[in-house]
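Participant: To start, I am sharing the structure in question, which I have written as structure tokens.
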Amino acid sequence: MAHPVVEGFRKEWPPAFAGPKLNELSGNAIRWSTTQNRRSRRQIPDECFVRGGARLVIVLRDPFLDWWATTLPEASSSPAVPVRRTPRRRRQGRADEIAEPVPNAE
């Protein structure tokens, strides 16, 4: 089964779009600048992109999302629950010895 985030993007995104729109379309989950860096290092397949002019790069939705899905961790079967810490015990000692009640001087 495909990752739910990827499938959500697949339904919402157009089939092809200008690369800089990636930030907006993904809600900044995928940054265009990072994508460009990975692209230049050949970490993203060339099939995910088409040149649309001298400087314009067009992202092809389906190949790009297929690749991006491979970078996501598998969903766990149990929800992440924070570990509950036990409250710290008050330290007994010097403070209690010093703070003895003062006898009533009458």
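Every number here is computed from the coordinates shown, using simple stated rules; none is lab data. Here the structure is a predicted model, which means the values were calculated and not measured. Cβ atoms come from the backbone with ideal geometry, glycine included; neighbour counts cover every protein chain shown.
Participant: Quick one: which residues, 5 or more positions from Phe49 or on another chain, have an amide H under 5 Å from its amide H? H modelled 1.01 Å from N in the peptide plane, none for Pro or chain starts.
Facilitator: Close amide H contacts, sequence-distant or interchain: Leu60.
Participant: How high is the FRET efficiency from Val83 to Arg10, r the C-beta distance, R0 35 Å, rounded to 0.05?
Facilitator: On the way: r = 35 Å, r/R0 = 1.00.
Between Val83 and Arg10 the formula returns 0.50.
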